[in-house]
Amino acid sequence: MNALEKRSVSALASVYAMRMLGLFMVMPVFMLLGNDLDGATPALLGFAIGAYGLSQALLQIPFGMLSDRVGRKRMIYIGLVLFAAGSLLAASADSIYVVIAGRILQGAGAIASVLMALQTLMLMALLSDLTREEERTKAMATVGISIGLSFSVSLVLGPLIGSVWGLSGIFYVTAALAGIALVVVHRVVPTPHQHRISADTHPAREMLGKVLSDRRLLRLDFGIFALHLVLTALFLAFPLILQDGLGLASSSHWWFYLSVMVTSFFAMVPFIIIGEKKRKMKPVLCGAIALLMLATAGLASVAVGLLAAWGLLFFFFMAFNLLEASLPSLISKESPAASKGTAMGVYSTSQFLGAFLGGALGGVLLEQFGLTGVLWFMVAVLGTWFLVALTMPSPGYTSSFVLQLQQAVAGQYDEIDDSLRRLPGVQDVVIVEGAATAYLKVDRRHFDEALLADFSFVRHGSKS
């Protein structure tokens, strides 16, 4: 990656990690500490865990479409502020109903112009705009790995903070992290030129219809739906398994999660390399889904001891981290040109709908059928995903073309963008303001580099 790409990826990964850290810290302890809230029941506790996903699922698609038209970075600020406000509301609550309201506000994230409480939609679309195509897999994997790292850290910090400051302390720390993320976005994240897409040329319904009719994207959307449904449901059951079934006090859960997450994180790295370098992503993904399903079935079918529970959770999170790091890269590769925000909106909607249903349905199943009901529900969802993944074609591969522009063309970026898009083989164009650089996503079979010589805005000897 060049310096601009490294800066973009590092900044966006850190913002994403802080945002995810704030969301994940509450998950391993909420079922244990939330019992002290007024009106708490297993079903309501499950609903509270997944509530943030409800508002995000409802708003991701319309705001994803909006991001393709009006830009991205400036909309992040609103979402982070509202996410912090929801965290503060939940921190001040004594009732389960107020916590649910706070979680919904966390998820709503943006009302004026864009949904940005969770950065998956805009950060992933912005990241796609700021990196070349062959570097985009590395960039997406970096963000995916940052999610895995933040998730690992959150499982350690959540029990530690909860044991000292309680549930409200976790929400206050979450609000502080949102404030730090605001500073990073303002000071570090570069601003790409946003090509204004005419509503007559790319109608909103047409963009959404193109994304929803793409079977490759739909399989990936179902995958992230199932993954986050299972993740949320896991934390309804597993903390209770540790405390009530295995006798491990909640204040000691942190070391259990720490040892699992550190080892499982490193264990999944070779499989990412195999999938990307050897172009074996489909078998790697299918294997990870199967491993996830078998580990969950192991928790559901036997009375496990502490060591067996550790091993099963290790395999669960080795597969989870692999899938969480890989799916954003795949969705970026498969997203149609000029519709990345729309595709990310559908993807994010699926993700958060899964999180919501995992909490809501999992809570009901826990209340009605106990821990085994939740775990076998997870197995059924994973089995369905495995069958869907088997029908998935191998991901395609494209290349990028970096073009340096004349410095004097500032203010003509829309015209330049339109001219480049009309070239045969050009699938997407992104121009970075201030850097006088255009990144082209091209199909080498149809792209003719010699045609660029006809454009006066191209800096000679700059093509790569």
Self-check item: Rounded to whole Hz, the Karplus (6.51, -1.76, 1.60) HN-Hα couplings of the range 264-276, x for glycine and proline
Solution: 5, 5, 5, 5, 8, 4, x, 6, 5, 4, 4, x, 7
Exercise. Calculate the translational D of the range 411-456 in whole µm² s⁻¹ from Stokes-Einstein, where the hydrodynamic radius comes from the Kirkwood formula applied to all Cα pairs, the temperature is 4 °C and the viscosity 1.567 mPa s.
Key: 117
Quiz prompt | Members of Lys210/Lys277; Lys210/Lys441; Lys73/Lys278; Lys73/Lys280 lying beyond 26 Å, as alpha-carbon distances in this model show | solution = Lys210/Lys277; Lys73/Lys278; Lys73/Lys280
Quiz item: When only the heavy atoms of the protein chains count and the probe is 1.4 Å, how do Arg421, Arg279 rank by accessible area, highest first?
Solution: Arg279, Arg421
Quiz item: Å³ per residue of the Cα convex hull, for the range 247-309?
Solution: 86
Quiz item: How far apart, in nm, are two points set 7 Å out from the Cα along the Cα-to-Cβ line at Cys286 and at Asp448?
Solution: 4.1
Practice problem: Using only the Cα atoms of the range 266-382, build the gyration tensor, take square roots of its eigenvalues as a ≥ b ≥ c, and label the shape rounded, prolate or oblate: rounded if a/c is under 1.5, else prolate if a/b is larger than b/c, else oblate. | Solution: oblate
Quiz item: Expressed in nm to one decimal, what extension gain is obtained for the pair Arg422 and Gln243 from 0.36 nm per residue of sequence separation less their Cα-Cα distance?
Solution: 58.3 nm
Practice problem: Could you order Glu415, Glu449 so the one with the most accessible surface comes first? Probe is 1.4 Å. | Solution: Glu415, Glu449
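The values are calculated or read from the model by the stated rules, or taken from the named source; none is laboratory data. Everything quoted here is computed from the prediction, not taken from an experiment. Don't worry about glycine lacking a Cβ; one is built from the backbone with ideal geometry, like all the others, and counts go over all protein chains shown. Just the protein is used for accessible areas: all its heavy atoms, side chains included, with ligands, DNA and RNA removed. Shrake-Rupley method; radii C 1.70, N 1.55, O 1.52, S 1.80 Å.
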